[in-house]
Amino acid sequence: MNKYAGACLGMIIVLFFSCSTGKNGYSPVKKYPAAVLRNDYILLKEVLENKHPSLYWYTGKDSMDLYFSRYYDEIKDSMTEQQFAWHIVAPLIDKIHCGHTSVSMSKGFVKWADKKRFPSFPLFIKVWNDTMAVTGNLNQQDSVFKRGTLITSVNGVRNSLQVTRMFNYLPEDGKANNVNFIRLSANFPYYHRNIYGLSKTYIVTYLDSNNRERTASIPVYTPPKDSVIKDSLAKVDRKKLPRLRSSFQYRSLVIDSTGTSAVMTLNTFSKGHLRKFFRRSFKKLTDKNIDNLILDIRSNGGGRVGLSTLLTRYISRYSFKVADSLYAVSRSLNPFTKYIKGNFLNNIELAIISRKKADGLYHLRHLENKLYTPRRNIGYKGDVYVLINGPTFSAAALFCNAIKGQPGILLIGEETGGGWHGNNGIMIPDITLPNTKIRVRLPLFRLVQYNHIPKTGTGIIPDIYIGTSYDALIKGYDKKMQVVKDLIRIKSTGQTPL
């Protein structure tokens with residue numbers, strides 16, 4: 001590990017919470033001896049090698065063995081949980097290239113960090129390709145780095161190198177890194193702090209109004225001591241939302257005032273009483289003869305395959321299957337059961353739902369064999385415009401694969417984060433490492449998509465690509481939605497955009 005980075009990571013705690021211990025007795029500055037960390041690491045390696053269905057899907061065994069050895073050898077001294085998670089476990093997990101295999105801090109750390117604000121790099125940044133634009137500044141008195149300011153380097157590291165390094169700590173399906181651009185854009189200070197560490201000051205190169213490079217020195221953001229949210233405010237914060245408002249955050253249907261189009265937003269396939277929502281929504285679309293449906297799944301990270309399949313039945317013009325193949329490498333979690341969430345219940349479920357086939361693998365035959373047919377009565381017959389991007393993942397990617405290329409349906413936006421060839425999104429319990437209590441998600445089944453493309457590592461490619469718009473970023477409008485509405489308007493004049 002880079003010694004500077006390791007020391008800076010410790011500063012996150014030392015600067016602000018050097019004497020802090022959570023109510024549960026958790027101490028973020030506790031260091032685990034190297035021997036203890038190696039024990040956790042070896043256990044993780046053994047679980048992955050024996051139970052992960054796609055450990056060598058995108059990284060061959062010889063290469064993966066080298067990575068296992070490399071990061072084991074980097075455990076040379078004691079580390080905090082945070083150092084071990086970010087600089088040993090996270091980059092190892094990235095090499096699997098499975099978006100369903102990711103790292104989380106221990107429950108003790110999460111509880112301790114809840115409602116706290118940490119010193120950090122002060123700029124929020126929208127990241128796309130090798131471009132970075134400021135979207136927010138924690139140092140509110142700063143008059144240089146306003147919204148839209150283009151950054152070219154931080155502490156001498158140019159954008160492309162910075163993004164490449166940060167991607168080495170973040171999981172993705174195959175090579176579908178579009179989801180990681182969104183992650184960095186959502187909270188750049190968080191990722192920069194944990195990957196690069198803290199600096200007292202940052203040397204930031206940017207473009208001025210004449211498109212010339214300038215350099216400025218900006219201080220680390222240090223939140224005031226009273227910035228931790230008080231318990232009384234926290235209680236108000238957790239107040240339950242009314243049911244209608246709560247459901248609205250998961251899904252919604254809005255019909256345009258002209259009665260020619262509707263926007264359906266689906267942010268998950270897990271919550272929001274979707275069966276009832278689909279039934280009522282598609283009946284309304286049918287009854288009102290709505291010709292155009294904009295389906296926005298840009299924030300849909302997946303969820304229940306059954307609900308994704310149900311939506312497909314409302315939209316698809318053809319019969320379809322969920323998977324060409326769907327299997328686990330083992331029918332039991334033994335001898336690691338006690339380290340995996342769900343324990344024996346997972347063993348029972350694996351035994352019930354999977355059957356061994358001639359290839360020696362344990363197949364979920366129901367989803368391999370079942371042919372689903374489109375809904376007849378209230379299945380949608382109009383034109384469908386599906387908005388997608390990096391966070392379109394897992395079950396949402398299954399939906400996109402099933403309907404892509406069908407007449408009257410367009411995928412619009414950016415490449416999905418969910419793999420086009422397949423993913424590992426069925427049954428995903430956590431491994432809890434016994435000493436540090438760090439958690440690693442362990443998918444148990446590999447799913448190869450129905451009528452899958454070759455294993456190139458991409459997400460699902462849109463039919464019409466619409467990338468990040470700098471103008472939209474500055475002015476605050478939705479470029480992708482605007483393009484779709486323009487397509488519908490053009491069609492209404494008698495032309496056919498599909």
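Some values worked out for this structure:
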| read-out | value |
| --- | --- |
| Segment residue 35-residue 246, length gained on full extension (0.36 nm per residue, minus Cα span) | 71.3 nm |
| The chain - percent relative contact order, Cα under 8 Å, separation 6 or more | 17 |
| FRET efficiency for residue 207 and residue 254, using Cβ-Cβ distance with R0 set to 45 Å, rounded to 0.05 | 0.70 |
| Order of 142, 73, 65 - criterion: other Cβ atoms within 10 Å of each residue's Cβ, fewest first | 73, 65, 142 |
| Exceeding the 22 Å Cα-Cα cut-off - candidates 288/485; 271/404; 175/475; 45/116 | 271/404; 175/475; 45/116 |
| Sites matching chymotrypsin sites (Phe, Trp or Tyr not before Pro) across the range 372-455 that sit in DSSP coil, with at most 13 neighbouring C-beta atoms within 10 Å | none |
| Local electrostatic count at residue 461 - Lys and Arg +1, Asp and Glu -1, tallied over other residues with Cβ under 10 Å | -2 |
| Gained length - residue 482 relative to residue 49, 0.36 nm times residue gap less alpha-carbon distance | 151.2 nm |
| Alpha-carbon centroid distance for the pair the range 258-278 / the range 56-128, whole angstrom | 35 |
| Fraction of the pair-distance distribution of the chain above 40 Å, Cα-Cα pairs, percent | 28 |
| P(r) weight above 16 Å for the range 330-372, C-alpha pairs, percent | 44 |
| Rounded FRET efficiency, nearest 0.05, which uses the C-beta distance separating residue 65 from residue 475 and R0 of 35 Å | 0.10 |
| Cβ-Cβ FRET estimate between residue 288 and residue 376, R0 fixed at 22 Å, reported to 0.05 | 0.75 |
| Simple spin-label estimate for residue 345 and residue 129 in nanometres, 7 Å along Cα-Cβ | 4.8 |
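Just so you know, all these numbers are worked out from the coordinates, no wet-lab data involved. The model shown is predicted, which means the values in this text are computed figures rather than measured ones. All Cβ positions, even for glycine, are placed from backbone atoms using ideal geometry, and neighbour counts span all protein chains on display.
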